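Here is the structure we will look at.
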Amino acid sequence: MPLPVELVRQLTEEQIAFVKRSGLKAEILEPGHVRLRMPFEGNQNHIGTLYAGALFTLAEVPGGALFLTSFDARRFYPIVKELNLRFRRPARGDISVDARLGSDEIQRIRQEAEDRGKADYWLELQLIDASGEVVAESRGLYQLRAH
């Protein structure tokens, strides 16, 4: 059973101190779908663009947010095994990411974790600026593990 949405929001935005300091906001938190936004303000680097660590954070956090909206935290927990980030263009404003897991994939992951104690899954994401331009692309390997 997924957690209540306001608890998911609090855990996504505030549980990890670094994420909380970044100001990351969860805009959509639904089973199989999350949208997160990283604010530009407070996350600039030495050349006036969004800091690479802020982009990496925005690419990594959706795996945990999707877990919280789609799986039973009493039975499972997620880890990230690998994450690659390709920078496409400078980010000069707030950046958002939409992440999705289809219901069939959620069921596959859940069943495999129940049967084998763990299940791998990939998330391929695009980090987008306000004009719809892709500023970075990520590919992450996550794993759902049984407690």
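Per-structure values
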read-out	value
Residues that are β-branched (Val, Ile, Thr), open to solvent by 50 Å² or more (accessible area, probe 1.4 Å) and over 18 Å from Gly53 (Cα atoms), drawn from segment 1-29	Val5
Qualifying position, being more than 19 Å from Val34 (Cβ to Cβ), out of contact with any Asp or Glu (no Cβ under 7 Å at 6 or more places or on another chain), of a type outside the set (Asp, Glu) and at pLDDT 95 or above, among Ala91, Ala113	Ala113
Hits in segment 30-55 (condition: open to solvent by 60 Å² or more (accessible area, probe 1.4 Å) and out of contact with any Ser or Thr (no Cβ under 8 Å at 6 or more places or on another chain))	Glu41, Gln44, His46, Ile47, Tyr51
Residue count, segment 115-147 (criterion: open to solvent by less than 90 Å² (accessible area, probe 1.4 Å), of a type in the set (A, V, I, L, M) and without any contact (Cβ under 8 Å) to a residue 40 or more places away in the chain)	2
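The values are calculated or read from the model by the stated rules, or taken from the named source; none is laboratory data. Everything numeric here is computed off the predicted structure, so don't read it as measured data. Note that we place each Cβ from the backbone using ideal geometry, even for glycine, and neighbour counts take in every protein chain shown. These accessible areas exclude ligands, DNA and RNA; they are computed on the full protein's heavy atoms, side chains included. Shrake-Rupley method; radii C 1.70, N 1.55, O 1.52, S 1.80 Å.
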